[in-house]
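Step one of this worksheet: look at the structure below.
The values are calculated or read from the model by the stated rules, or taken from the named source; none is laboratory data. Here the structure is a predicted model, which means the values were calculated and not measured. We place every Cβ from the backbone using ideal geometry, glycine too, and count neighbours over all the protein chains shown.
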Amino acid sequence: MPAARRPLVAGNWKMNGMKHSGAELIAMADGYDAALKDKADLLICPPATLVALLAAETTGSGIAIGGQDCHAKASGAHTGDLSAEMLKDAGASFVIVGHSERRTDHCESDAVVRAKAEAAWRAGLTAVVCVGETRQEREGGSALAVVAAQVRGSVPAGASGANLVVAYEPVWAIGTGLVPTVGDVEEMHGEIRKVLAEALGEEAGKVRILYGGSVKPDNAPTLLKAADVDGALVGGASLKASDFLAIAKAYA
């Protein structure tokens, strides 16, 4: 991995977590020792109800806190939504946009995801833009083309290594226990890097591309050392400090 890209291991807690979940985060902070801090960045994206609380609890720990989604507008009559500015105000420094569960459950298009990424930048947040193909698309041979189109449609102009992370999560691998081969992951990450280079030139070499989809302590050492993989977006395994730290220690 080029020195310009420091590994990032991010946890997406999804719709899980209560106030007492802060104990797991504190355990993560305790385990985020000097050796691991020297090797990788850690990020936890809890439900919106916990962002401010966990941001306060992680002060000085080196663990970043992020949101799981944001609205494209800074404010307004959008009941139930949160703006990127609100997340920033609560202590977030990242926000996930375009996760497949948002694309599917809320019918979010690439254009919507792109607008949310722009909102993240407006608020001073780093956007974690998610892309990925379905099982049908993978088996039909269109996975590369589908993901390339998502990257082109979802990443705004002006992206850089400082304001953008791309997370490749094959939809069929999320929470299923199914994992693509290392060769498939390397091929897809290489394609994403190629598409980014077409748009960003040399800056594309600074953008971190994470792999997500049933990442666990036992497969992390193999997946996270694959070519063009700059870290992981972890789902269920990020809810337990021991599992999340074990994944991160693939870099230690």
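Could you grab me the full set of residues in region 157-169 that are of a type outside the set (Ser, Thr, Tyr) and surrounded by 16 or more Cβ atoms within 10 Å (Cβ to Cβ)?
Matches in region 157-169: Ala159, Gly161, Asn163, Leu164, Val165, Val166, Ala167, Glu169.
Looking at Ala197, is it touching a Leu at 6+ places or on another chain (Cβ under 7 Å), part of a helix (DSSP H, G or I) and without any contact (Cβ under 8 Å) to a residue 12 or more places away in the chain?
No; evaluated as a whole, the condition is false for this residue.
Those residues that are crowded, with 21+ Cβ neighbours inside 10 Å and among the basic types (Lys, Arg), I need them from region 170-220; list them, please.
Arg208
For (1) among the charged types (D, E, K, R); (2) within 16 Å of the chain's Cα centre (by Cα); (3) in a loop (DSSP other than H, G, I, E, B), each residue gets a yes or a no:
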{"site": "Arg5", "(1), (2), (3)": "yes, yes, yes"}
{"site": "Ala23", "(1), (2), (3)": "no, no, no"}
{"site": "Ile26", "(1), (2), (3)": "no, no, no"}
{"site": "Lys39", "(1), (2), (3)": "yes, no, yes"}
{"site": "Leu43", "(1), (2), (3)": "no, yes, no"}
{"site": "Gly60", "(1), (2), (3)": "no, no, yes"}
{"site": "His78", "(1), (2), (3)": "no, no, yes"}
{"site": "Asp81", "(1), (2), (3)": "yes, no, yes"}
{"site": "Cys107", "(1), (2), (3)": "no, no, yes"}
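Only one of (1) surrounded by 21 or more Cβ atoms within 10 Å (Cβ to Cβ); (2) over 23 Å from Thr49 (Cα atoms); (3) in contact with a Ser or Thr (Cβ under 8 Å, 6 or more places away or on another chain) is not met by Ala117, so which one is it?
Only one criterion is unmet by Ala117, namely (2).
Looking at the structure I just gave you, is Glu203 without any contact (Cβ under 8 Å) to a residue 60 or more places away in the chain, touching a Ser or Thr at 6+ places or on another chain (Cβ under 6 Å) and in a helix (DSSP H, G or I)?
Criteria met by Glu203.
Quick one: what pairs do we get from region 138-162, first residue modelled with pLDDT of 95 or more, second among the small types (Gly, Ala, Ser), C-beta under 6 Å, 6+ apart or different chains?
As it stands, the answer is Ser154/Gly98; Pro156/Ala117, since those pairs meet every condition given.
Take Ala232 and decide whether it is assigned to a loop (DSSP other than H, G, I, E, B), among the aliphatic types (A, V, I, L, M) and under 18 Å from Arg6 (Cβ atoms).
No.
Could you say which residue among Ala4, Ala84, Ala23 is closer than 23 Å to Val113 by Cβ and either of a type in the set (A, V, I, L, M) or in contact (Cβ under 8 Å) with a residue 40 or more places away in the chain (or both)?
Matching residue, one of Ala4, Ala84, Ala23: Ala84.
State yes or no: is Asp228 farther than 21 Å from Ala64 by Cβ, surrounded by fewer than 24 Cβ atoms within 10 Å (Cβ to Cβ) and in contact with a His (Cβ under 6 Å, 6 or more places away or on another chain)?
Considered against the rule, which asks whether it is farther than 21 Å from Ala64 by Cβ, surrounded by fewer than 24 Cβ atoms within 10 Å (Cβ to Cβ) and in contact with a His (Cβ under 6 Å, 6 or more places away or on another chain), Asp228 comes out as yes.
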